[in-house]
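Here the structure comes first, spelled out in structure tokens, and everything after it is commentary.
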Amino acid sequence: MVELVTEVDENDNFIGLRPREDFYTGKHIHRASHLILLDSRNRMLLQKRALSKLWYPGRCTFSVSGTVNDESYEDCLKREMLEEIGISVPFRELFRLPCILNGKGGFHMVYLGACSDQNASMIRHDPEEASSVEWVGLEELRYSIEEKPENYAPALRAAVRRFFEEGCLRYII
């Protein structure tokens, strides 16, 4: 079965659906949803992408990331939470990151979610998506991204920088 992904123009207007493989050529713009998931100690859950992934294998990224299929950004995030970490948490929209260069790339909608201690104990990552998950302190993450940016997916780097530039304390749930 061919998975169809939403294609958009440089203003995030819907164009149509395309096979996922078409986006690996770098000739089309897609949508993606990402979750900054914080625990009760304001640590962020990161996943280390599986080495089998085509985009950024082995790099750290959001606890939940997904390419938008024939759905909204929000519905994508709800689906991906269950698929990637096995739980669902309340979330709210933070910001949209346009990562478009020469007519290719994606619009990345970033959400913030709060994870109770009980939910945190139920997290189970999908080994096809991630080789591991770990909770990381926000300041530690900020420092690590600046020191070793090659260890992180570009969308995560951009989102964490913006999260801090806009004053992350205002985002804390």
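The rows are residues; the columns are (1) among the charged types (D, E, K, R); (2) outside any strand (DSSP E or B); (3) in contact with a helix residue (DSSP H, G or I) (Cβ under 6 Å, 6 or more places away or on another chain); (4) in contact (Cβ under 8 Å) with a residue 24 or more places away in the chain.
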| position | (1), (2), (3), (4) |
| --- | --- |
| Met1 | no, yes, no, no |
| Ile15 | no, no, no, no |
| Glu21 | yes, yes, no, no |
| His34 | no, no, no, yes |
| Ser40 | no, yes, yes, yes |
| Gln47 | no, no, no, yes |
| Tyr56 | no, yes, no, yes |
| Lys78 | yes, yes, no, no |
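One residue is enough: does the stretch 103-121 have a residue meeting the conditions closer than 21 Å to Arg157 by Cβ and exposed (fewer than 13 other Cβ atoms within 10 Å of the Cβ)? So that I can check it myself, show each step before the final result.
At the first step, the residues of the stretch 103-121 found to be closer than 21 Å to Arg157 by Cβ are 104-113.
Then drop every residue that is not exposed (fewer than 13 other Cβ atoms within 10 Å of the Cβ), which leaves none.
Checked the stretch 103-121: no residue is closer than 21 Å to Arg157 by Cβ and exposed (fewer than 13 other Cβ atoms within 10 Å of the Cβ).
Residues that are surrounded by 16 or more Cβ atoms within 10 Å (Cβ to Cβ), in a strand (DSSP E or B) and β-branched (Val, Ile, Thr) within the stretch 122-148 comprise just one, Val133.
Can you find a residue that is surrounded by 13 or more Cβ atoms within 10 Å (Cβ to Cβ) and under 29 Å from Tyr143 (Cβ atoms) anywhere in the stretch 12-25? Let's see the steps before the verdict.
Going residue by residue through the stretch 12-25, those that are surrounded by 13 or more Cβ atoms within 10 Å (Cβ to Cβ) are 12, 17-18, 20, 22-23.
Subsequent filtering for residues that are under 29 Å from Tyr143 (Cβ atoms) retains none.
Scanning the stretch 12-25, I find no residue that is surrounded by 13 or more Cβ atoms within 10 Å (Cβ to Cβ) and under 29 Å from Tyr143 (Cβ atoms), so the answer is no.
Residues are listed down the side, and each one gets a yes or a no for (1) within 13 Å of the chain's Cα centre (by Cα); (2) of a type in the set (Gly, Ala, Ser):
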{"site": "Ser40", "(1), (2)": "no, yes"}
{"site": "Leu45", "(1), (2)": "yes, no"}
{"site": "Leu54", "(1), (2)": "no, no"}
{"site": "Gly58", "(1), (2)": "no, yes"}
{"site": "Thr67", "(1), (2)": "yes, no"}
{"site": "Gly86", "(1), (2)": "no, yes"}
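If the condition is being in contact with a helix residue (DSSP H, G or I) (Cβ under 7 Å, 6 or more places away or on another chain) and polar (S, T, N, Q), then the stretch 80-120 contributes only Ser88. What number of residues in the stretch 1-12 are farther than 17 Å from Cys76 by Cα and either at pLDDT 95 or above or acidic (Asp, Glu) (or both)? Count: 2. Give the residue that is modelled with the lowest pLDDT, with candidates limited to residues of the stretch 149-169 that are among the hydrophobic types (A, V, I, L, M, F, W, C) and surrounded by 17 or more Cβ atoms within 10 Å (Cβ to Cβ). Per the stated criteria, the residue is Cys168.
Could you tell me whether any residue of the stretch 81-92 is under 14 Å from Leu37 (Cβ atoms), in contact with a Phe, Trp or Tyr (Cβ under 9 Å, 6 or more places away or on another chain), among the polar types (S, T, N, Q) and outside any helix (DSSP H, G or I)? For the stretch 81-92, residues under 14 Å from Leu37 (Cβ atoms), in contact with a Phe, Trp or Tyr (Cβ under 9 Å, 6 or more places away or on another chain), among the polar types (S, T, N, Q) and outside any helix (DSSP H, G or I): absent.
The values are calculated or read from the model by the stated rules, or taken from the named source; none is laboratory data. All values derive from a computational prediction rather than experimental measurement. Please note: Cβ atoms are built from the backbone with ideal geometry, for glycine as well, and neighbour counts cover all protein chains shown.
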